[in-house]
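I have placed the structure first, in the form of structure tokens, so that the comments after it can refer back to it.
The values are calculated or read from the model by the stated rules, or taken from the named source; none is laboratory data. Note that this is a predicted model, so its numbers are computed, not measured. When we count neighbours, we look across all protein chains shown, and the Cβ atoms used for this are built from the backbone with ideal geometry, even at glycine.
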Amino acid sequence: MSQKEELHLNEQQIIQAVVDVTDLPFSLQDHLNTCPMCLAQKERFSGLLSQLGHKSKVLSPTYRKRVTLTEANGTKSPWLWAWNWQRLLVAGLSCAMVLAVLWWASPFKIPPEWQESKAYYEMWEDYRMMAEIVWLEEHALPQVYFDISGESAPLISEEFIQFLIPHIQNDAFHQFKTKEVQYVV
Amino acid sequence: MVAILKPNRRYNEADTSDKEYQVANLAKAARTGDRESFEKLVTLFQEKIFQMVYYRTFSQMDAEDLTQEIFLKAFRSIQNLKEAHYFKSWLFSIAVNRIRDFKRKKQILAFVGIDNRGQGFEEVERKIYDTPQADNNLFKQEFWECLGLFVKKLSHWEREVFLLRFLDELSIREIAQSINKSESTVKTHLYRAIHKFKGDTNLVRLLQGERR
Ligand SMILES: [Zn+2]
């Protein structure tokens, strides 16, 4: 008795027996055929599944039409016709979206003329930056120094200073220049 | 005691083989272009195919339209049927594929917002409440609701195999042919589905006669 109890089918084996009893090992098949308890358990479970099938049949509606083997206009529901153009529309929109994404992600999307103008722009930027550097080099001192030195005063030109303080060696230099010119001639 | 507990056969095996023989003969004739034979096959299977579609769409209108389409497709391609005695599996494979296409289209249309017709259990529920014998249909509503919740828990193949086995009452071999899978694969899916069924206390209680 105790040996028989040990051999009772477990839940998995009962399910396996419901799926296909021949998949069980022979020893368990033999047990199932001789043990009323296991057999009852299996039958109860099979019965439940049979009842599910039976109830589904009973509770489902009855077929009101009869199949016709000719493709009459009325056999296809209008919604299927609608489906055809809707399918085309959906397919077209999907293609357009895919193309748009591909174009957006493509590294070749910038036309060559755009690339040329971009190069010109970069060159101009470089030139502008160099000009700025040169200006800074030439105007390295703050404005106050220019004010002190008088360079920024518009009235004090070089001509005015020459008028105020004439060059001492001016005549001698002039004479020398004249001589030199005569010598060359 | 043992004799009492022997499984009750739900159908007579001799009758089944007679029917299978009859179906094979009709399919053989239909394959050669015999329209009358095909019409007899339609008579034999139209209710079964309609119910099969209904279990997967829960819509009478869709099930009727699809049943018509499935038979029309079968009629057009009956010459492609290699073995006449596999007619039932072949017809069910057409139905399985047609329903899958239908559901895909419906999902796409629902996604893009074109199809907003009621589908699934909401529609079943509405139809049941619309009928004059609403009280009598409470069990019906509860049953489809429980079944719907249960099949939602199954994976695609578990659901297909479970429905084909216990609602459409196909054999393991017929299911394997219908869904183009090996018998061992079918058994694996079936085992998992039954295991989940056992754990669905709502559906089991309902079938045992206990209301939720
Ligand atoms: Zn036992």
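Numbers for the structure displayed
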read-out	value
Evaluation of residue A:49 against (1) over 22 Å from residue B:197 (Cβ atoms); (2) within 9 Å of chain B (Cβ to nearest Cβ); (3) among the hydrophobic types (A, V, I, L, M, F, W, C) (one fails), failing number	(1)
Filter result (without any contact (Cβ under 8 Å) to a residue 24 or more places away in the chain and more than 13 Å from the ligand (Cβ to nearest atom)) within region A:28-55	A:44, A:47, A:48, A:50, A:51, A:52, A:53, A:54, A:55
Helices (runs of 4 or more DSSP H) (entirely within region B:47-147) containing at least 1 residues that are in contact with a Lys or Arg (Cβ under 7 Å, 6 or more places away or on another chain), at pLDDT 85 or above and not charged (D, E, K, R)	B:60-76, B:87-111
Residue that is nearest to the ligand (Cβ to nearest atom), among those in region A:5-27 that are hydrophobic (A, V, I, L, M, F, W, C) and farther than 16 Å from residue A:43 by Cβ	A:7
